[in-house]
Amino acid sequence: MAGDDRRARLRGLVIFLFFAWGFTTVLVDILVPKFKSLFSLNYAEVMLTQFSFFLGYFLFSLPAAWLLARLGYIRSAVLGLSVMAGGCLLFVPAAALALYPAFLVALFVMAAGITLLQVTANPLITLLGTEETSASRLTLAQAFNSLGTAMGPWFGAATILHGQAAQGSAASLQIPFVFVAIILILVASVFWLARQGPAPAAVPQPATASGMKRLVRQSRLMFGVGAIFTYVGAEVTIGATLASYLMQPSVLGLPAQRAGQMVSLYWGAAMLGRFAGAYVLKRVNPGLVLACCALGAIALVLSSAVSPGLVAAMTLLTVGLCNSIMFPTIFALASEGLGVETPNGSGLLCMAIVGGAIVPLLFGLVADRAGIGVGLAVPALCYLWVLFFGIFAARQRCAPASHEAQ
C-alpha cells in the first residue's frame with residue numbers, strides 16, 4: 001500500500017512537470033509578435049524563433065534517450081529541468097545585447113532541456129500504471145501540460161507585450177524568463193529529493209545500428225513518427241501565428257496584448273479536450289478518436305482560411321480542441337509494446353517534434369508570398385497524415401493478430 005502511495009505521488013510530480021514545461025514552451029509563441037516588431041522581421045524570419053527552438057528536439061532526442069538509459073527517469077528529469085533553466089537565464093545577456101541571434105541561442109538551449117524532459121516524462125507516465133490505460137494516463141498528464149500552455153500566454157502578454165504593440169526594448173524579456181528559471185530550479189530540486197522513489201527502471205539499451213534498424217521496421221512506430229512531425233508542426237504553426245492573425249484588420253484587429261491573451265483560448269481548448277479525452281480514451285478506440293479529431297482540425301483550419309472576422313478567429317482558436325488528444329494518443333499508440341526499446345522509441349518520437357521547426361518555416365514562406373489565409377493550407381495538409389495514422393492504428397487495435405511481431 002505504501003508503494004502505491006509513493007507511486008501516486010510520483011505520478012503527481014510527473015504531471016506537474018508536464019504543467020511546468022507547457023507554461024514555459026508557450027512563451028515562445030508570445031515572443032513571435034515581440035521579435036517581429038522589435039527586429040523588423042517578416043514571417044519567414046520571425047519563424048526562425050520556432051525553428052531554433054524545435055530544432056533542438058531533432059538534435060538532442062537520441063542523445064536524450066542515451067542519457068535516460070544511463071541516468072534513469074528521475075535524474076534525467078533533474079538534468080532536463082536544469083538545462084532548461086539555463087536557457088531561460090541566457091535571455092539576460094541576449095536582452096542586454098539586443099541581438100536576435102542571441103535569443104535564438106537561448107531558445108535552442110531551452111529546447112535541449114525540454115527534449116530530455118519529453119523523452120523522460122512521456123514514457124514514464126505511461127509506465128506508472130497498466131498498459132491498457134496508458135493513452136488515458138498520458139492524455140491526463142498532457143491536460144495539465146495544456147493548463148500550463150493556457151496560463152502562459154496571459155503571463156507572457158502581461159510581462160512581454162504589456163502596454164505596447166509588441167514593441168519596446170529587449171530588456172523587457174529579462175524578468176519573465178528569470179522568474180521561469182527560478183521556478184524550474186525549484187521543481188528540479190523536488191525531483192532530486194525524490195530520486196530514491198519508486199520510478200520504473202530505464203533498462204540500458206544503446207541506440208545501436210541494429211537496434212535502430214529493428215525500430216524503423218515497425219510500421220506503427222514509424223507512421224507515429226510521421227504523425228508526431230506533422231501534428232507538432234501544425235499545432236506550433238497555428239499557435240505561433242495566432243497573435244499576429246488576430247491583430248489583422250480583416251480578422252479582429254486586436255492590439256498586441258489582447259491578441260496575446262486570446263492565444264490562451266487555443267491552448268485552453270486543448271486543456272479541456274485533454275481532460276475529456278482522458279475519460280473518452282478509456283472507452284473508445286484511441287485510433288478512431290484520433291482520426292475524428294484530425295478530420296475536425298482540417299475542417300476548422302480550412303473554414304478559418306476562407307472566412308472573415310469573428311468566424312475566422314473562432315474557427316482557428318477551436319482547432320485547439322481537436323489538437324487536445326493528438327500528441328499523447330499518437331505517442332502512446334506508436335510506442336506501445338516496445339519493451340526495452342522504449343527509451344530509443346521515445347527518442348525517435350521526440351526527434352519528430354522537429355516538425356515544429358520545419359512546418360512553421362514553410363508556413364512563413366507561403367504567408368509572405370500569398371498571405372496568412374493561404375498559408376493555413378500548410379497545417380491543414382499536416383493534419384491529413386494524422387488522420388491516416390489514426391485510421392491505421394484503429395484498424396490495428398481492432399485486429400490485434402495482424403500486429404507486427406515485436
Set Gly163, Gly226, Gly156: member being on the phi > 0 side of the Ramachandran plot and either loosely packed, with under 15 Cβ neighbours inside 10 Å or at pLDDT 75 or above (or both): Gly163
Segment 294-311, residues that are over 16 Å from Leu381 (Cβ atoms) and either under 20 Å from the mean Cα position of the chain (by Cα) or surrounded by 22 or more Cβ atoms within 10 Å (Cβ to Cβ) (or both): none
Identity of the residue in segment 390-406, assigned to a helix (DSSP H, G or I) and either of a type outside the set (A, V, I, L, M, F, W, C) or at pLDDT 95 or above (or both), that ends up surrounded by the most Cβ atoms within 10 Å (Cβ to Cβ): Gly390
Residues satisfying the stated conditions in segment 66-102, i.e. within 12 Å of Thr115 (Cβ to Cβ), surrounded by fewer than 24 Cβ atoms within 10 Å (Cβ to Cβ) and modelled with pLDDT of 90 or more: Leu79, Val83
Filter result for Gly253 (part of a loop (DSSP other than H, G, I, E, B) and at pLDDT 80 or above): yes
Within segment 120-147, considering residues that are modelled with pLDDT of 80 or more, of a type outside the set (Gly, Ala, Ser) and under 21 Å from Ser76 (Cβ atoms), the one surrounded by the most Cβ atoms within 10 Å (Cβ to Cβ): Thr120
Count of residues meeting criterion [closer than 22 Å to Ala157 by Cα, surrounded by fewer than 21 Cβ atoms within 10 Å (Cβ to Cβ), touching a residue at least 60 places away in the same chain (Cβ under 8 Å) and of a type outside the set (Phe, Trp, Tyr)] in segment 39-61: 2
Any hit, segment 358-381, residues being of a type outside the set (A, V, I, L, M, F, W, C), closer than 16 Å to Val32 by Cβ, surrounded by fewer than 20 Cβ atoms within 10 Å (Cβ to Cβ) and out of contact with any Asp or Glu (no Cβ under 6 Å at 6 or more places or on another chain): yes
Single residue of segment 167-199 satisfying the filter (more than 24 Å from the chain's Cα centre (by Cα) and modelled with pLDDT under 75) that is farthest from Gly86 (Cα to Cα): Pro198
Flag if Met110 is at pLDDT 80 or above, surrounded by 22 or more Cβ atoms within 10 Å (Cβ to Cβ) and either in contact with a Lys or Arg (Cβ under 8 Å, 6 or more places away or on another chain) or not basic (Lys, Arg) (or both): yes
Selection from segment 239-287 of residues that are within 15 Å of Cys322 (Cβ to Cβ), aliphatic (A, V, I, L, M) and out of contact with any Phe, Trp or Tyr (no Cβ under 7 Å at 6 or more places or on another chain): Leu265, Ala269, Ala270, Met271, Leu272, Ala276, Val280, Leu281
Selection status of Arg369, basic (Lys, Arg), modelled with pLDDT of 85 or more and part of a helix (DSSP H, G or I): yes
Selection count, segment 210-241, where residues are touching an Asp or Glu at 6+ places or on another chain (Cβ under 7 Å), within 17 Å of Leu317 (Cβ to Cβ) and among the hydrophobic types (A, V, I, L, M, F, W, C): 1
Of the criteria (1) of a type in the set (A, V, I, L, M, F, W, C); (2) at pLDDT 90 or above; (3) closer than 23 Å to Gly148 by Cβ; (4) surrounded by fewer than 17 Cβ atoms within 10 Å (Cβ to Cβ), which one Ala276 fails: (2)
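The values are calculated or read from the model by the stated rules, or taken from the named source; none is laboratory data. What you are looking at is a predicted structure, and each value in this text was computed from that prediction instead of being measured. Positions of Cβ are generated from backbone atoms using ideal geometry, with glycine treated the same way; all protein chains shown enter the neighbour counts.
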